[in-house]
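Structure first, then comments.
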Amino acid sequence: MNFSFTLAGRDGAARAGTLITAHGAVATPCFMPVGTAATVKAMTADAVRATGAGIVLANTYHLMLRPGAERVAALGGLHRLMDWPGPILTDSGGFQVMSLAKLRKLDADGVTFRSHIDGSAHRLTPERVIDIQSKLDATISMVLDECTAFPASHEAAALSLDLSLRWAERCRAAFPARPGYGLFGIVQGGVYADLRARACEALMAIGFEGYAVGGLAVGEGQAMMLAVLEATVPLLPAEKPRYLMGVGTPDDIIAAVLRGIDMFDCVIPTRAGRTARAYTSRGVLNLRNARFADDPAPLDPGCACPACTRHARAYLHHLFRSGEILGPMLLTWHNLRYYQDLMQRLRAAILDGRLAATAAALRAGWGAGAKEGDRG
């Protein structure tokens, strides 16, 4: 089975499609729950499946440190290890190259860094990153890149982009061709439209199964992020999937879908679930808030997850106030279900040609909740 992407419908710049891979098909637009260390925190694989997720993300940097790519391969690969037979995308570690700047040394050939776990020294090159992801048996691998920090001058962003493009070419050469597996290039360039355009042109000349937009949601704000997308996405090939890395809130996702993005990942829904924040049709609720202590209402009446169908807000409040692990488990499940329901709703709206109206209705619900005080 070849790796492929087909479009089923459009609504303006927005697209509904299907990604075909060696490990199954994924309807787009899609949201990938983040399973950094081969687990979506506070969730079993069955629970993740029950939310409607069709693809998950894991992280090359973290898995190479613990338990190690060679060990994962010896145990049958990431799919078997984490009980996820469906598609898995692995982030190559470029974001960690940026975020762990004090622990690493960058050069033209790769990056040397010390583990944040035990201080041991490690080396990542484009070839090594591809080798690790192949050992993990990632369905979709990402090229090694330098995630350009914000803010960065045009000169600094250009130098960073040049390095990322050289690494991308080496990753492509090292990637073992296998039916149903894909390698995605990553468009960098900071907030500069000319650099983003240069990145698109260079990556398309190399040729990838999909294209990611990286280096956003790193402090530039939504308005600037959307401006970068508007300048970048139209330059990417229409017949390939487009992935916005590390984004984001429901409103960010709607805005990016409207601009032609197909794939998303973010830690927001799982992290929020562990800290008592629930994404709902009426906005974000903080279940630690004392006003929920006697609230018998369901978390979100329109949601079919266990947190909403089996428990009251008062019980969820009690779990978090008591430090019970069930609280983070239930809210993580809910948030991931909310995100998957959002993606399904956006896809249906694209296919029906009513995306703008659906986006407006979703935002109106969040606004009504804020106006009426149904959030905290």
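The values are calculated or read from the model by the stated rules, or taken from the named source; none is laboratory data. What you are looking at is a predicted structure, and each value in this text was computed from that prediction instead of being measured. Methodologically, a virtual Cβ is constructed for each residue, glycine included, from the backbone with ideal geometry; neighbour enumeration extends over all protein chains shown.
The table below gives the values:
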read-out	value
Scan of the stretch 84-137 for residues that are over 20 Å from TYR181 (Cβ atoms), assigned to a helix (DSSP H, G or I) and not hydrophobic (A, V, I, L, M, F, W, C), ordered by number	GLN96, SER99, LYS102
Within the stretch 17-31, considering residues that are out of contact with any Lys or Arg (no Cβ under 9 Å at 6 or more places or on another chain) and within 18 Å of LEU81 (Cα to Cα), the one surrounded by the most Cβ atoms within 10 Å (Cβ to Cβ)	HIS23
The stretch 126-182 - residue that is within 16 Å of TYR192 (Cα to Cα) and among the polar types (S, T, N, Q) and, of those, surrounded by the fewest Cβ atoms within 10 Å (Cβ to Cβ)	SER153
Which listed residue, of VAL26, VAL48, VAL40, is in contact (Cβ under 8 Å) with a residue 24 or more places away in the chain, out of contact with any helix residue (DSSP H, G or I) (no Cβ under 9 Å at 6 or more places or on another chain) and within 24 Å of LYS135 (Cβ to Cβ)	VAL26
Residue in the stretch 224-231 that is part of a helix (DSSP H, G or I), farther than 27 Å from ALA272 by Cβ and modelled with pLDDT of 95 or more present	yes
